[in-house]
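The structure appears right after this line, and notes come after that.
The values are calculated or read from the model by the stated rules, or taken from the named source; none is laboratory data. Keep in mind the model is a prediction, meaning the values are calculated, not measured. Neighbour counts are summed over all protein chains in view; Cβ atoms, including those assigned to glycine, are modelled from backbone coordinates with ideal geometry. SASA here: full protein model, heavy atoms, side chains in, ligands and nucleic acids out. Shrake-Rupley method; radii C 1.70, N 1.55, O 1.52, S 1.80 Å.
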Amino acid sequence: MGAYKKLWLLLCVVVIITFSLLGYFGREVYRQAPPIPDSFETPSGQLLFDHDTVLAGQSAWQSVGGMQLGSIWGHGAYQAPDWTADWLHRELTQWLEIAAGEEYEKPYRSLDDEQQMLLQHRLKTEYRHNSLKNNSVLISERRAKAIALTAAYYQNLFADDPALHSTREHYAMKENTLPDPQRRQDLTAFFFWTAWAASTNRPDSHATYTNNWPHEPLIDNTPTAENITWSIVSVVLLVAGIGALVWAWSFLHHQDEAVVPANRDPLSIIQLTPSQQALGKYLVLVVALMCFQVLIGGITAHYTVEGQQFYGLDLSKWLPYSLVRTWHIQSALFWIATGFLAAGLFLAPIINGGKDPRYQKLGVDILFWALVLVVAGSFIGNWLAIAQIMPPELNFWLGHQGYEYIDLGRLWQIGKFTGVAFWLVLMLRGIENALKQPGDKNLLVLLTASVVAIGLFYSSGFFYGEHTNISIMEYWRWWVVHLWVEGFFEVFATAALAFIFCSLGLISKPMATTTSLASASLFLVGGIPGTFHHLYFSGTTTPVMAIGATFSALEVVPLIVLGHEAWENWRLRRSALWMEHLKWPLACFVAVAFWNMLGAGVFGFMINPPISLYYVQGLNTTAVHAHAALFGVYGFLAIGFTLLILRYIRPQLVFSDALMKTAFWSLNGGLALMITTSLLPIGLMQFFASASQGLWYARSESFMQSELLQTLRWVRGIGDMVFIVGVLAISWQVFSGIFNIRLNGKKVWTQTQN
C-alpha cells in the first residue's frame, strides 16, 4: 500500500460509510413501504379489492410489459400515461361528477365557484384521510362508484373496445393488450392501489405515502416543505463541492513525471494468446446488437407518432411498442456489457504476463455462447409474454418481469448473473499470478476489486420476487441500474483505462494509481447513497429523500474536471508515432468525458433535485438524461474498448479515416440532434404542463397528441437517421476488420502480417 495508504484509507472509509447509509435507510424502505391492505371495503360490507387481487394485478401488469407500457409512480415508458396519475385524476373527476349529481343534480362544470370549492374540500378530506384500520381500508359508497367507473374504463382500454381504439393508438397499445377479463379486473386493482398510496397520507403525516407525488391540484398534492428544503440543500452542496474540487485540484494536482514512450507499441510486441484471438466474435456481437438496438429504437420512436403502425403497416400485431421498447433497452445493456466484458478478457492475459491460464480460451468461448443463449432466450420470452401466449404462472420466470432495465425473465436474469460470475472467474485466473509478484500492485488491486464488484453485485436483482411490494422492488432494482452500472462499471472503466495507458508506457504507474484511487472515491461517495435519488416518490420517507438529494448532488462534482481528462487522453495521440493507430479509440474516450459532463452532469442534475423531479419524473426530460448518459457515456466507452481490442487482435489493421470520421461525428451529432430538436423541447413543455395543471395532463392524450408535439416527434427522425448512419459506419469498420474484408480495394489486414 505504501505511498497510497491515505488514498486507500479514504476509499475504504467512503465505501463503509456510504454502504452503511444505503443499508440502514434501505431497512426503512422495508419498514415504511406503502401497505397492501387485506381488503378495501364499503360501509355496507362490499369488498372492492383485497391483498391477493392487488398482487395478481401487479403480475398482470408485468406480463403486458409493465414499465415498458406507460409508467407506475413515474418509472417507465413515456408514451402511454403514468397509470398512477391517470387513474387518480380520473377517479377524482368521477367523484366530483357523482357528488355534483347527488347534491345539486347538475354536472360538476355547471356548479358555481362556491359549490365547486365545497365539493373539492370534501374530496380532499376524503382522499387524503387514511382510513386504514386492522389492515382494512374503508371506502365510501360515493368513492366506490367512482372506482367502479374508472375501473370499467381501464378494462375496456386494455381489451379491444372499438370506442377506445384511437386512445390505444395514441398510447401505442396493441388491440386486446390483456385478453383475459379476470386479469384485466385484477389489473385495475393494482392501478387503484398505486393511486391510493399516492393520495393517502401516511399515519401521523401531512404527506402521502409517495411524498405528495404526483402533482394533483384537486387534492392539494403539492411539493412538501421537506422537498423544497432538501432541493435547496442539494444545490448548495453542488456549489460547495465544485468549489472544494477546484481548490483541491489547484493545490494537490501535480503533473505526471515525464514519460518517454517506447519506439514501438508495447502491447503490439506481446504475442496474442488464444483467448485474445477468440475475442473477435465478441466484437461482432457488440456491433450486431448495437445495430439491432438502434434500428428497433427507430421503430420505437416512430410508434410515438403512429401508435400501432409503421408507415401504414400494422406492425403492433407482431411487434407492439412495449415489446420493441423492451428489446431496445435490453439490447443496449447487452452490447455495452459485452464490450466491457471483452475489455476485461483482453486485459487478463496481459496482466498474467502475456500468457493464458489453462483452458482460458475454452472459458472465453463458453461465455460467448452463454451470452448468445441469454440474449436469444430473453428476447423470445419477452415476445411470448407480451403476446400473451406464455402461461401467466411462467411469465415472471421466462417472460417479462415488467421492470425497466430488468425486463428479462428471472431464469434469464440468473443466466446473465451466472455469465458475469463466470467472467469474474476468468478474470481472477488471469490476475491471480500477477498479484503474487513483487512490486507495486495498487492499481491492479483496484482493478481486481472493481472486477469482483461487477461480478457479484448484479445479484442484488434477486432480492425481490414477482409479488414483492413495488417500493421494495424499486430499492433493489436501482441497486442494479444505478449502483452496479453507474458505480462499479465506472470504477472498472477508470482503472482499466489507467492500466491500459500505463501498459502502453504513456503515463507513469504512480500517476495512474493515484488518479484511479482518487477518482474511485469521488465516484462512489456520491454514487452509492445517490442511489436514493431514484426513490423520492416510490413509497419512501423523507430521510430517503434527504440522503438521495444530498449525495446525488455530489455525483456531479467529479464530472466538472472531465474536460481536463478529455484533453489529457486526446493529447496522448501525439506522444508517439504509433499512437496514431489508436486515434479513434482515444476519440471515443474523449466523447465519454464530454457526454459524462453534459449527459450525466448537466442533464442528470436537471432532474435530480427533489423539487425538479417532483414535476418532471416520467417526462421526456428523463429520456434526455437517459440517452445522453447511457449511450454518450457507456456506449462510447464500449465502442472505445471494442476499437482498442480490434486494433490489437488485428495488428495490421488501419482504421479508415473516412469511415471513422463519418461514424464518430454522426454518432455525436445524431445524439445531439435527438436531444435538442425533440426530446428536450418536448420534456420542457411537459414540465410546464405538469407544474401548471398536473402530471396527468403532461402525459395525457390531449396534450401529447397536440400538433406541436407531434411535429417535434417527427423532427426527431432527422437526428435518428444521422445516428443510424454513424452506427452502420462503426459496425462496418469492426465487421470488415474482423473478417478481413477489402476496403478501397485493399485488404484491411493480411493473415501473414497478423
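Number of residues in the range 130-144 that are open to solvent by less than 40 Å² (accessible area, probe 1.4 Å) and not hydrophobic (A, V, I, L, M, F, W, C) equals 5. Checking each residue of the range 550-560 against the condition of being buried (at least 16 other Cβ atoms within 10 Å of the Cβ) and more than 19 Å from GLY241 (Cα to Cα) gives no match.
Can you work out which of the residues in the range 179-193 that are open to solvent by 10 Å² or more (accessible area, probe 1.4 Å) and part of a helix (DSSP H, G or I) is farthest from HIS467 (Cα to Cα)? Talk me through it step by step, then tell me what you get.
Our first condition is that a residue be open to solvent by 10 Å² or more (accessible area, probe 1.4 Å); within the range 179-193, this holds for 179-186.
Then drop every residue that is not part of a helix (DSSP H, G or I), which leaves 181-186.
On the way: PRO181: 20, GLN182: 18, ARG183: 15, ARG184: 17, GLN185: 17, ASP186: 13 Å.
If we take residues in the range 179-193 being open to solvent by 10 Å² or more (accessible area, probe 1.4 Å) and part of a helix (DSSP H, G or I), then PRO181 is farthest from HIS467 (Cα to Cα).
A Cβ distance below 9 Å, combined with a sequence gap of six or more or placement on separate chains, defines the contacts here; from the range 8-21, residues that are under 12 Å from ILE547 (Cα atoms) and open to solvent by less than 30 Å² (accessible area, probe 1.4 Å) reach residues that are of a type in the set (Phe, Trp, Tyr) and assigned to a helix (DSSP H, G or I) in the pairs THR18/PHE551.
To keep it simple, each residue is scored yes or no on (1) within 23 Å of MET674 (Cα to Cα); (2) open to solvent by 20 Å² or more (accessible area, probe 1.4 Å); (3) not β-branched (Val, Ile, Thr).
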residue	(1), (2), (3)
SER316	no, no, yes
ILE329	yes, no, no
ALA332	yes, no, yes
TRP335	yes, no, yes
LEU341	no, no, yes
ALA348	no, no, yes
GLY353	no, yes, yes
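Table: residues versus (1) touching a residue at least 24 places away in the same chain (Cβ under 8 Å); (2) open to solvent by 40 Å² or more (accessible area, probe 1.4 Å); (3) in contact with a Leu (Cβ under 9 Å, 6 or more places away or on another chain); (4) more than 19 Å from MET660 (Cβ to Cβ).
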| residue | (1), (2), (3), (4) |
| --- | --- |
| TRP570 | no, yes, yes, no |
| ARG573 | no, no, yes, no |
| LEU577 | no, yes, no, no |
| LYS583 | yes, no, no, no |
| VAL592 | yes, no, yes, no |
| TRP595 | yes, no, yes, no |
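All conditions but one from (1) among the acidic types (Asp, Glu); (2) within 30 Å of VAL624 (Cα to Cα); (3) open to solvent by 70 Å² or more (accessible area, probe 1.4 Å) apply to ASP82; the one that does not is (3). Of the helices (runs of 4 or more DSSP H) lying entirely inside the range 651-735, those containing at least 2 residues that are surrounded by fewer than 18 Cβ atoms within 10 Å (Cβ to Cβ) are 657-674, 680-693, 701-704.
Filtering ASN211, ASN221 for residues that are buried (at least 20 other Cβ atoms within 10 Å of the Cβ) and under 19 Å from GLY548 (Cα atoms) leaves a single hit, ASN211. If the condition is being without any contact (Cβ under 8 Å) to a residue 40 or more places away in the chain and of a type outside the set (Val, Ile, Thr), then the range 698-721 contributes SER702, PHE703, SER706, GLU707, LEU708, LEU709, LEU712.
In the range 180-199, how many are in contact with a helix residue (DSSP H, G or I) (Cβ under 7 Å, 6 or more places away or on another chain) and within 18 Å of TRP95 (Cα to Cα)?
Filtering the range 180-199 for residues in contact with a helix residue (DSSP H, G or I) (Cβ under 7 Å, 6 or more places away or on another chain) gives 183-195, 198-199.
Those left that are additionally within 18 Å of TRP95 (Cα to Cα): 188-189, 191-195, 198-199.
Residues that pass the stated criteria total 9.
Which of the residues spanning the range 385-412 are part of a helix (DSSP H, G or I) and touching a strand residue (DSSP E or B) at 6+ places or on another chain (Cβ under 7 Å)? Give the steps one after another, and end with the answer.
Residues of the range 385-412 that are part of a helix (DSSP H, G or I), as a first pass: 385-386, 392-398, 410-412.
The answer is ALA385, ILE386, ARG410.
Taking residues in the range 42-58 that are touching a residue at least 24 places away in the same chain (Cβ under 8 Å), and partners anywhere that are polar (S, T, N, Q) and assigned to a loop (DSSP other than H, G, I, E, B), the pairs with Cβ atoms closer than 8 Å and at least 6 places apart or on different chains are THR42/SER140; PRO43/SER140; LEU48/THR42.
Look through the range 285-300, keep the residues that are touching a Ser or Thr at 6+ places or on another chain (Cβ under 9 Å) and surrounded by fewer than 22 Cβ atoms within 10 Å (Cβ to Cβ), and return whichever of them is nearest to MET173 (Cα to Cα). Step by step, filter the range 285-300, then rank; the result is ILE296. GLY618 meets the conditions (1) assigned to a loop (DSSP other than H, G, I, E, B); (2) farther than 22 Å from VAL485 by Cα in every case but one. The failed one is (2). Looking across the range 449-463, the residues that are open to solvent by less than 10 Å² (accessible area, probe 1.4 Å) and within 18 Å of the chain's Cα centre (by Cα) come down to ILE454, TYR458, SER460, GLY461.
Working only within the range 355-364, note down all residues that are open to solvent by less than 30 Å² (accessible area, probe 1.4 Å), at pLDDT 95 or above and not β-branched (Val, Ile, Thr).
Within the range 355-364, the subset open to solvent by less than 30 Å² (accessible area, probe 1.4 Å) is 357, 360, 363-364.
Checking the rest, the ones that are also at pLDDT 95 or above come to 360, 363-364.
If the condition is that a residue be open to solvent by less than 30 Å² (accessible area, probe 1.4 Å), at pLDDT 95 or above and not β-branched (Val, Ile, Thr), then GLN360, GLY363 are the ones that fit.
When each of ASN442, ASN469 is tested for being over 25 Å from the mean Cα position of the chain (by Cα) and not basic (Lys, Arg), the lone residue that passes is ASN442. Of all residue pairs spaced 6 or more apart or on separate chains, those with beta-carbon atoms under 7 Å, a first member in the range 263-276 that is farther than 16 Å from HIS581 by Cβ and open to solvent by 30 Å² or more (accessible area, probe 1.4 Å) and a second member that is in a loop (DSSP other than H, G, I, E, B) and not aliphatic (A, V, I, L, M) are GLN271/GLY354; PRO274/ASP356.
Results for (1) closer than 18 Å to TYR697 by Cα; (2) of a type in the set (D, E, K, R); (3) not in a helix (DSSP H, G or I), shown as yes or no for each residue.
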residue	(1), (2), (3)
SER166	yes, no, no
MET173	no, no, yes
THR177	no, no, yes
ALA195	yes, no, no
HIS206	no, no, yes
THR229	no, no, no
ILE232	no, no, no
VAL235	no, no, no
TRP247	no, no, no
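Only helices (runs of 4 or more DSSP H) whose full extent lies in the range 260-331 are considered here, and the ones with at least 3 residues that are out of contact with any Leu (no Cβ under 8 Å at 6 or more places or on another chain) and among the aliphatic types (A, V, I, L, M) are 280-302. Looking at the range 501-520, which of the residues that are open to solvent by less than 10 Å² (accessible area, probe 1.4 Å) and not in a loop (DSSP other than H, G, I, E, B) is modelled with the lowest pLDDT? Per the criteria, the residue is ALA512. Answer yes if at least one residue in the range 367-384 is outside any helix (DSSP H, G or I) and open to solvent by 10 Å² or more (accessible area, probe 1.4 Å), and no otherwise. The answer is no, given that none of the residues of the range 367-384 is outside any helix (DSSP H, G or I) and open to solvent by 10 Å² or more (accessible area, probe 1.4 Å). Taken over the range 108-129, the criterion of being surrounded by fewer than 17 Cβ atoms within 10 Å (Cβ to Cβ) and either aromatic (Phe, Trp, Tyr) or in contact with a strand residue (DSSP E or B) (Cβ under 9 Å, 6 or more places away or on another chain) (or both) is satisfied by HIS129 alone. Listed conditions (1) out of contact with any His (no Cβ under 9 Å at 6 or more places or on another chain); (2) part of a loop (DSSP other than H, G, I, E, B); (3) closer than 27 Å to TRP61 by Cβ are all met by GLY439, apart from (3).
Number of residues in the range 442-483 that are within 29 Å of GLU393 (Cα to Cα), part of a helix (DSSP H, G or I) and of a type outside the set (Asp, Glu): the value is 18.
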